[in-house]
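Have a look at the structure below before the remarks.
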Amino acid sequence: QVQLVESGGGLVQAGGSLRLSCAASGRTFGRIGWFRQAPGKERELVASINRSGDNTDYADAVKGRFTISRDNAKNTVYLQMNSLKPEDTAVYYCAARGILQGRYDYWGQGTQVTVSS
């Protein structure tokens, strides 16, 4: 089965850190992104990384605080989140493109990140 499984979410105080993991299986994936959706807000692309890992992109709101990386040998993508703010509270989703695909067609189940003030 093609599957993306997120883990690492939880409750953290403002200023703290979390590391999210996305375990991928079932096929070879191209670009992978982390999305989030906060209550009352639209889904937002937080960060993405290409297959080779030499190209990354970040939403302005998380630049300098979040880092996306991937380990293809482990079929895992990570999102290191530092200096967390209450406004980072959201459900975080891992999403992936297939090889040569231009949109995110594969999605994980999501993991909740809650940042308390």
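So the values come out like this:
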| read-out | value |
| --- | --- |
| In region 63-117, residue nearest to Val5 (Cα to Cα) [restricted to those that are in a loop (DSSP other than H, G, I, E, B) and of a type in the set (S, T, N, Q)] | Gln109 |
| Any chance Val77 is touching a strand residue (DSSP E or B) at 6+ places or on another chain (Cβ under 6 Å), of a type in the set (A, V, I, L, M, F, W, C), surrounded by 20 or more Cβ atoms within 10 Å (Cβ to Cβ) and modelled with pLDDT of 95 or more | yes |
| Residue among Val113, Val46, Val62 that is of a type in the set (A, V, I, L, M) and in contact with a helix residue (DSSP H, G or I) (Cβ under 6 Å, 6 or more places away or on another chain) | Val46 |
| Top-ranked residue in region 32-62 [being polar (S, T, N, Q), assigned to a strand (DSSP E or B) and open to solvent by 50 Å² or more (accessible area, probe 1.4 Å); ranked as farthest from Gln109 (Cα to Cα)] | Thr56 |
| Any pair with Cβ under 7 angstrom, 6 or more apart, that starts in region 73-100 at a residue that is closer than 21 Å to Gln13 by Cβ and among the basic types (Lys, Arg) and ends at one that is surrounded by fewer than 19 Cβ atoms within 10 Å (Cβ to Cβ) and modelled with pLDDT of 95 or more | Lys85/Ala14 |
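The values are calculated or read from the model by the stated rules, or taken from the named source; none is laboratory data. All figures in this text were calculated on a predicted structure; none of them were measured in a lab. In this analysis, Cβ positions are derived from the backbone assuming ideal geometry, glycine residues included, and neighbour counts consider all displayed protein chains. Surface areas here come from the heavy atoms of the whole protein model, side chains and all, with no ligands, DNA or RNA. Shrake-Rupley method; radii C 1.70, N 1.55, O 1.52, S 1.80 Å.
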